[in-house]
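Every read-out reported here was derived from the displayed coordinates using simple, explicitly stated rules and does not represent laboratory data. What you see is a predicted model; the values in this text were computed from it and never measured. Cβ sites come from the backbone with ideal geometry, for glycine too, and all protein chains shown count toward neighbours.
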Amino acid sequence: MEFLQQCINGLVQGSIYALIALGYTMVYGVLRFINFAHGDVYMLGAYFGLFTARWLQTGTMLADKNGNPQSAPLLHIALILVFSMAGAALVGLVIERFAYRPLRNAPRLTALITAIGVSMFLEYGAQCLFTPTPQGFPKLITETPLAATGGLVTQLQLVIIAVAVFLMVSLQLFVFKTKPGRALRAVALDRQAAQLMGINTDAVIAWTFAIGSALAAAASVLGSTYQNSIDPLIGIAVGMKAFVAAVLGGIGNIPGAVLGGLLLGLAETAIGATDYSGYRDAVAFALLILILLLRPAGILGKATAEKV
């Protein structure tokens, strides 16, 4: 019973990592570039969700006639997710347009340094706007155990897994079953050839940043509801772990990002249940070193020759 509970906790945490890792892997797949500001977009998504929840005046203040806390109305939860994702998508578009697009043909080191600069700008800008003090995030969904699962799964855990699966499947269908998705795959395969075929590569790259940022915002709302606390630096550790998840699964590979996130979540939870729980955060980086030594392309990635 305890083992199953730990597996469920690992799947919940892994689902959050997977959603963020998708943003890393999509941008890398199209531009061969690591957007190190992605974790800070995750942080902004949490604040967008918090402000939307305050505007709707929703959270754990709701209770039934017996005084037990109730989940927020479904419409409110949907609005918080939508507004958070839309706000983060807009931030992603602005970052791509004004920070990365002018450097698209610059050396990769220049773009990498710029990404680190954008990350620091977002972190310290958020501290100025929101203060460094951690703020409570409303419990949008109760943690009442579900009788149908034998009390192993709570309402909150079920919603997190269900929303994450829905978004992952939707992304997969978008990429492989729609015309914009085909354009995205064409740009990822050969940007210059795609441009010669009439594809608006600037628009495709902008979509990529917007979609990845929106997924990170969804992860931030789900994760913040689970953790109940946010601050301007929450994106640092989570972003780095999600990057490790993307590399673990095979960066540039969408199913790989999902697999990497789930494996990382399960590994962290397994370590947290032992006497070595203090090393839980080190698991991600130990896995990164191990995968780079044994399979540099990742579990589902394919090694490719690159011109130097």
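Assuming a viscosity of 0.692 mPa s and a temperature of 37 °C, what translational diffusion coefficient in µm² per second does Stokes-Einstein assign to the stretch 136-262, Rh being the Kirkwood radius over Cα pairs?
Numbers: Rh = 16.7 Å.
Approximately 197 µm²/s, per Stokes-Einstein.
If you average the alpha carbon positions of the stretch 268-285 and of the stretch 69-117, how far apart do those two centres end up, in angstrom?
Cα centroid of the stretch 268-285 versus Cα centroid of the stretch 69-117: 30 Å apart.
So which of Lys139/Lys177; Lys177/Lys302; Lys139/Lys302 end up more than 31 Å apart, counting from Cα to Cα?
As for pairs spanning more than 31 Å Cα to Cα, those are Lys139/Lys177; Lys139/Lys302.
Can you tell me the 0 to 90 degree angle between the C-alpha axis of helix 201-227 and the longest principal axis of the chain, rounded to 10?
20 degrees
Could you tally the net charge around Arg185, taking each other residue with its Cβ under 14 Å from the Cβ of Arg185, Lys/Arg +1 and Asp/Glu -1? Could you put the intermediate results ahead of the total?
On the way: positive: Lys177, Lys179, Arg182, Arg191; negative: Asp190.
It works out to a net charge of +3.
Which one of Tyr17, Tyr276, Tyr100 has the biggest mean-square fluctuation once the chain is modelled by GNM with Cα springs under 10 Å?
So, out of Tyr17, Tyr276, Tyr100, the one fluctuating most is Tyr276.
Please give the peptides 187-194, 89-96, 151-158 ranked by average Cβ packing (other Cβ atoms within 10 Å per residue), highest first, as a rough proxy for protection. Working shown, then result.
Values: 187-194: 15.4, 89-96: 20.5, 151-158: 16.9.
Taking the mean over residues of other Cβ atoms within 10 Å, the ranking is 89-96, 151-158, 187-194.
What is the sum of charges around Phe33, taking Lys and Arg as +1, Asp and Glu as -1, for the other residues whose C-beta is under 13 Å from the C-beta of Phe33? List each step's numbers first, then the result.
Details: positive: Arg32, Arg101, Arg104, Arg108, Arg191; negative: Glu96.
Here the charged neighbours net out to +4.
Rounding to the nearest 10 and keeping the result within 0 to 90°, find how far the Cα-based axis of helix 282-294 lies from the longest principal axis of the chain.
Helix 282-294 and the main axis of the chain meet at about 30 degrees.
Could you tell me how many degrees, from 0 to 90 and to the nearest 10, lie between the Cα long axis of helix 38-56 and the main elongation axis, the longest principal axis, of the Cα atoms of the chain?
On a 0 to 90 degree scale, this one is about 40.
Give me log10 I(q)/I(0) at q = 0.08, 0.10, 0.16, 0.18 Å⁻¹ for the stretch 23-232, Debye formula, one equal scatterer per alpha-carbon, no solvent.
-0.33, -0.50, -1.06, -1.23
When only C-alpha pairs under 8 Å and at least 6 residues apart count, what is the relative contact order of the stretch 23-232, in percent? Intermediate values should be presented prior to the final figure.
Numbers: 283 pairs, mean separation 82.5, N = 210.
Relative contact order here is 39 percent.
Going by average Cβ neighbours within 10 Å, how do the peptides 159-167, 131-139 rank, with the highest at the top?
Numbers: 159-167: 17.8, 131-139: 14.9.
Output ranking for 159-167, 131-139: 159-167, 131-139.
Under a Cβ-Cβ cut-off of 15 Å, what is the net charge of the residues other than Ala99 that fall near it, where Lys and Arg count +1 and Asp and Glu count -1?
Working: positive: Arg97, Arg101, Arg104, Arg108; negative: Asp40, Glu96, Glu123, Asp202.
Every neighbour counted, the sum reads 0.
Mind ranking 211-219, 251-259 by how tightly packed they are, going by the mean number of other C-beta atoms within 10 angstrom, highest first? Write down the numbers at each step before the final one.
Numbers: 211-219: 29.7, 251-259: 23.7.
Descending packing order for the listed peptides: 211-219, 251-259.
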